[in-house]
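Novice: Encoded as structure tokens, here's the structure I'll be asking about.
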Amino acid sequence: MTTIKETALTFGQAIEAAKQGKMIARAGWNGKNMFVFQRPEDNLDVYMVVEKVKSLPQSVKDYFRRVNPGTFIPNEEGATVADATIKFLPYLCMKAADGSVVNGWLASQTDMLATDWDIVE
């Protein structure tokens, strides 16, 4: 359940709150418990991306393996060298009414011009 912390914000004010790690939502949305949040920037080593991340297509993993071949050579202890990283830039996500998370959420024109944005907890 989400509770309102601050109300009647512009989209710009709401985005600034999201950049600070807060969850934001519009009072005018029909879905219950929907909110938007920013997935922060992250740097992951190539080995982790290729071997552990489930949300990337195999073709993308194969590309990173190809352009970073030295990353997959085990060192003396048998651990894989993690000398190359991939920078993942921040993006907005929406927690939808059905409980799913939409990565790369985009605001509509109505959302951007609205003044009914709230900070939620």
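Coordinate-derived values only; no laboratory data. Everything quoted here is computed from the prediction, not taken from an experiment. Cβ coordinates were reconstructed from backbone atoms using ideal geometry, including for glycine residues, and neighbour counts include every protein chain displayed.
Novice: Order the peptides 88-99, 55-66 from the highest to the lowest mean number of other Cβ atoms within 10 Å of their residues.
Specialist: Descending packing order for the listed peptides: 88-99, 55-66.
Novice: Let me ask another. How much length is gained on full extension from Glu16 to Ser59, taking 0.36 nm per residue of separation minus their Cα-Cα distance?
Specialist: Numbers: separation 43, 0.36 × 43 = 15.48 nm, distance 3.51 nm.
That pair, Glu16 and Ser59, stretches by 12.0 nm at full extension.
Novice: Within the stretch 98-121, what residues put their amide N at less than 14 Å from the label point 7 Å along the Cα-to-Cβ vector of Asn30?
Specialist: The answer is 98, whose backbone nitrogens lie closer than 14 Å to the label point.
Novice: Given the pairs Lys52/Lys95; Lys32/Lys87; Lys22/Lys61, which are separated by over 28 angstrom at their Cα positions?
Specialist: Lys32/Lys87; Lys22/Lys61
Novice: Turning to a different aspect of this structure: At what distance in nm do the modelled label points of Thr115 and Lys87 sit from each other, each positioned 7 Å from its Cα along Cα→Cβ?
Specialist: 3.8
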